[in-house]
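Asker: Below is a structure I'd like to ask you about.
The values are calculated or read from the model by the stated rules, or taken from the named source; none is laboratory data. Since the structure is predicted, the reported quantities are computational estimates derived from the model, not experimental observations. In this analysis, Cβ positions are derived from the backbone assuming ideal geometry, glycine residues included, and neighbour counts consider all displayed protein chains.
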Amino acid sequence: MSLYRKIYRIVEQIPYGKVTSYGNIASVTGCTARHVGYAMASIPDHLDLPWHRVVNAQGRVSSRKHGQGDLEQKRLLHAEGVLFDDAGRIDLEHHGWQMSHDILDDEIPESG
């Protein structure tokens, strides 16, 4: 399974109203948080992933180079009941999702 596919498999499992960090995903997939960020920026249009549930290690939405993606991410998280403090951080104790390190063990076979 490719690295990006592993990352996307994890992201699709993040529960409604919860978030996880780029670093948490990286620790499970054996890459860096930066690689997870690249994968998130490269999500194919045909995949319906809850990309907005991935935040930085401080519980903040990372700003984007182009467009208003960070504002859209905050809007989507608010709609799921995820709250931000006055400094723009999410309470990771309350809204954080910690996946198990064997999350990819029940892998779905790749088609084709």
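Asker: Which one is nearest to Gly23 (Cα to Cα), of the residues in segment 56-99 that are in contact with a helix residue (DSSP H, G or I) (Cβ under 8 Å, 6 or more places away or on another chain) and of a type in the set (A, V, I, L, M)?
Answerer: Among them, the one singled out is Ala57.
Asker: Which condition does Ser42 not pass, out of (1) surrounded by 13 or more Cβ atoms within 10 Å (Cβ to Cβ); (2) small (Gly, Ala, Ser); (3) out of contact with any Gly (no Cβ under 9 Å at 6 or more places or on another chain), if it passes all the others?
Answerer: Result: Ser42 fails condition (1) only.
Asker: Only one of Gly67, Gly17 is at positive phi, surrounded by fewer than 17 Cβ atoms within 10 Å (Cβ to Cβ), out of contact with any strand residue (DSSP E or B) (no Cβ under 7 Å at 6 or more places or on another chain) and at pLDDT below 95. Can you tell me which?
Answerer: None of the others qualify; the one that does is Gly67.
Asker: Pick out the one residue from Val36, Val61, Val28, Val54 that is among the aliphatic types (A, V, I, L, M), surrounded by 15 or more Cβ atoms within 10 Å (Cβ to Cβ), under 22 Å from Arg89 (Cβ atoms) and in contact (Cβ under 8 Å) with a residue 40 or more places away in the chain. Please lay out each step first, then the result.
Answerer: Numbers: Val36 fails: in contact (Cβ under 8 Å) with a residue 40 or more places away in the chain; Val61 fails: in contact (Cβ under 8 Å) with a residue 40 or more places away in the chain; Val28 fails: under 22 Å from Arg89 (Cβ atoms).
On inspection, the qualifying residue turns out to be Val54.
Asker: In segment 1-36, what residues are of a type in the set (Val, Ile, Thr) and touching a Pro at 6+ places or on another chain (Cβ under 8 Å)?
Answerer: Within segment 1-36, Val11, Ile14 meet the criteria.
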